[in-house]
Amino acid sequence: MLDTKQLRNDMDEVLAGLAKRNFSFDYAQFQTLEAQRKQLQTQTETLQAQRNQSAKSIGQAKARGEDIAPLLASVDDLGAQLERNKQALDSVQQQLEQLLLSIPNLPHDSVPAGLDESGNIEVSRWGTPREFDFSPLDHVAIAEQRGWYDNDAATKISAGRFAVLKGPMARLQRALTQFMLDTHSHIHGYEEVYVPYLVNQDSLFGTGQLPKFAKDLYKIEKDAEHDTSDRDLYLIPTAEVPITNLVRGEIVDAANLPLKFVGHTPCFRSEAGSYGRDVKGLIRQHQFEKVELVQLVHPNDSYMALEALTEHAASILEALELPYRKVLLCAGDMGFSAAKTYDLEVWLPGQQAYREISSCSNFEDFQTRRMMARYREDQDKPQLLHSLNGSGLAVGRTLLAVLENHQQADGRIAIPAALQSYMGGLTHI
RNA sequence: GGAGACGUGGCCGAGAGGCUGAAGGCGCUCCCCUGCUAAGGGAGUAUAGGGUUUGUAGCUCUAUCGAGGGUUCGAAUCCCUCCGUCUCCGCCA
């Protein structure tokens, strides 16, 4: 959520930022609503002040034993008037809030303009795609050939776009997860956290998935007969949601910053709009494993933190000897809440292409304003934190990348040295 | 799943329709006093939003006692719903 003050005072800057994202914003509507809000709020608060004042004098008169009937008569219609004003104000404020919640974050100055992925800028490359002396298979062919992947079974027990992995491939996924968690917690200084996989609406609202992107989420249908609570739960689309929301409503002592968390969770995405993309194989699934990095930092440090966090994610690819490139997303290709995003794209020989395996973003105060996550420096007033996150990495896609990049002519997969201790010392599977 | 108790500021804890944004204590900040330390004295110490304003200064108004709704001229206080915590029983990994 953008700062309403900024929206009121720096119209030009806001409009320029949104235009860079190709987001058209009805500023006239905002101004109309804002003018209405101002008038109604002033009126309402004046009425409230009047009510408080007369309630007080009624109390005092009563204490002195005086007749309060005339006083009561004088405030006769105040209540009704106040009620009308309040309702009008609520309505305008709701409209304003809806408008505000529909506005994406402003891109950082260093973010290039552009409408879609063609406007992204490759920042760097690491490693060289391997020259094969045989024709490399894609991960589906490799896994099916070895009996490690059973798509029919997944469809039978669940639905399309779910996976059943077996044997060494299932173990490899677990090994990758452990390796990532250990690296980030032991070497990069993140605190490992275990978090719920079902979250409430407030949490999804805080990180920006709601209200705009409800169709991408799996909602738990509650049993109305037995569950009388007024709370709906959703499967998390990423660990970003529960982890970032750890600081929702909190005021952190500045001395404790930065907060750095790493967590592993499954992620659930209904991807309602994505049919037709990556339908085959394990690239795009409704359920996948991910190790997530989250940082909450002082606003002055967030762009340094973004570089560091991206390197932390990249170091996993390097340790696994997987060629990748780092891409700076253009304004039009960024996610709704991001101010700046780097994607890491791993080389997939089966596709002869670089494919996204990590997305690292600085959200500045866009998320923390929604969730009122703040820090306090000395005796100063609380200020909004900056939040960042990045995949470190998407485990499912890392698994594919290992299979495709480290396949051998004999059909076996070479285990990267860094991972061997996590595979019980195996050098190949 | 059953029974009961309870949710008040950074923390503990009063308050049971009006004089309570909230006593008292602890903690914290500043000042005074005191060879040092300890003790003592004084002042201050929530958050958000609005108006005014060049201003995140000052002044002022509003809201907030788990959350939401209701009763009332007036609610921390009474009523309803929900959430959460604790204790006991049951069940369970």
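Taken together, the values in this text are just the output of simple stated rules run on the coordinates, not laboratory data. The shown structure was predicted, so the numbers you read here are calculated from the model rather than taken from an experiment. Backbone-built Cβ (ideal geometry, glycine too); neighbour counts: all protein chains shown.
For the range A:106-264, what mean projected area does the convex hull of the alpha carbons give, in nm²?
Value for the range A:106-264: 16.0 nm².
Rounded to the nearest 0.05, what FRET efficiency is calculated for A:A19 and A:A88 with R0 set to 30 Å and r the Cβ-Cβ distance?
0.35
What ranking, highest mean first, results for peptides A:215-222, A:412-419 when packing means the other Cβ atoms within 10 Å averaged over each residue?
In decreasing order of mean packing, A:215-222, A:412-419 become A:412-419, A:215-222.
With an 8 Å Cα cut-off and a minimum separation of 6 or more residues, compute the relative contact order for chain A in percent.
So the answer I get is 20 percent.
Please compute the modelled spin-label separation between A:D10 and A:T32, points set 7 Å along Cα→Cβ, answer in nm with one decimal.
Distance between label points: 2.8 nm.
Where does each of A:337-349, A:296-308, A:55-67 land if you order them by average Cβ count within 10 Å, highest first?
A:337-349, A:296-308, A:55-67
Given a cut-off of 30 Å, name the pairs among A:K212/A:K340; A:K222/A:K340; A:K5/A:K290; A:K156/A:K260; A:K20/A:K219 whose C-alpha atoms lie farther apart than that in the structure shown.
Long pairs (Cα-Cα over 30 Å): A:K222/A:K340; A:K5/A:K290; A:K156/A:K260; A:K20/A:K219.
So what are the range A:43-92's ellipsoid semi-axes, whole angstrom, largest first, if each one is the square root of 5 times an eigenvalue of the alpha-carbon gyration tensor?
26, 10, 6
Using the 10 angstrom Cβ neighbour count as an exposure proxy, how do A:D253, A:D333, A:D10 rank, fewest first?
Going from least to most buried by this count: A:D253, A:D10, A:D333.
How big is the shadow of the Cα convex hull of the range A:359-421, averaged over all directions, in nm²?
About 7.3 nm², averaged over all directions.
In vacuum, with every alpha carbon of chain A counted as one equal point scatterer, what does the Debye formula give for log10 I(q)/I(0) at q = 0.08, 0.11, 0.12, 0.14 Å⁻¹? Two decimals, please.
Taken in order of the listed q values, log10 I(q)/I(0) reads -0.55, -0.92, -1.06, -1.34.
Any aspartates and glutamates with Cα under 20 Å of the A:K38 Cα? List them, leaving off those in the same chain fewer than 8 positions away.
A:D3, A:D10, A:D26, A:E83, A:D90, A:E97
Could you give each residue of the range A:237-248 its phi-based ³J(HN,Hα) in whole Hz, using Karplus coefficients 6.51, -1.76, 1.60 with θ = phi - 60°, and x for Gly or Pro?
x, 6, 5, 3, 5, x, 6, 4, 6, 4, 9, 4
Per 0.36 nm of contour for each residue apart, how much would the distance between A:E356 and A:R51 grow if the chain were fully extended, relative to their Cα-Cα spacing?
103.9 nm
Kirkwood Rh, Cα Rg: Rg to Rh for the range A:302-347?
With Rg and the Kirkwood Rh in hand, the quotient comes to 1.00.
Just to check I understand the Karplus step: with θ = phi - 60° and J = 6.51 cos²θ - 1.76 cosθ + 1.60, what whole-Hz values come out for the range A:330-343, glycine and proline as x?
7, 4, x, 9, 6, x, 3, 8, 7, 9, 7, 9, 9, 9
Which aspartates and glutamates, on any chain, are close to A:K326 with Cα under 13 Å apart, when same-chain ones fewer than 8 places away are left out?
By straight Cα distance, A:K326 reaches A:E122, A:E307, A:E311, A:E318, A:D343, A:E345, A:E356.
Could you give the angle, 0 to 90 degrees to the nearest 10, between helix A:78-101's Cα long axis and the longest principal axis of the Cα atoms of chain A?
Once rounded, the angle reads 20 degrees.
Under 15 Å from a point 7 Å along the Cα-to-Cβ line of A:D378: which residues of the range A:235-260 have their amide N that close?
A:254-255
Of A:L165, A:T228, A:P196, which is farthest on the positive side of the dipole of the range A:152-237, counting Cα position, with +1 on Lys and Arg Cβ, -1 on Asp and Glu Cβ, and the Cα centre as origin?
The residue sitting most towards the positive pole is A:L165.
Using +1 on the beta carbon of Lys and Arg, -1 on that of Asp and Glu, and nothing else charged, what's the dipole of chain A about the Cα centre, debye to 20?
Roughly 420 debye, rounded to the nearest 20.
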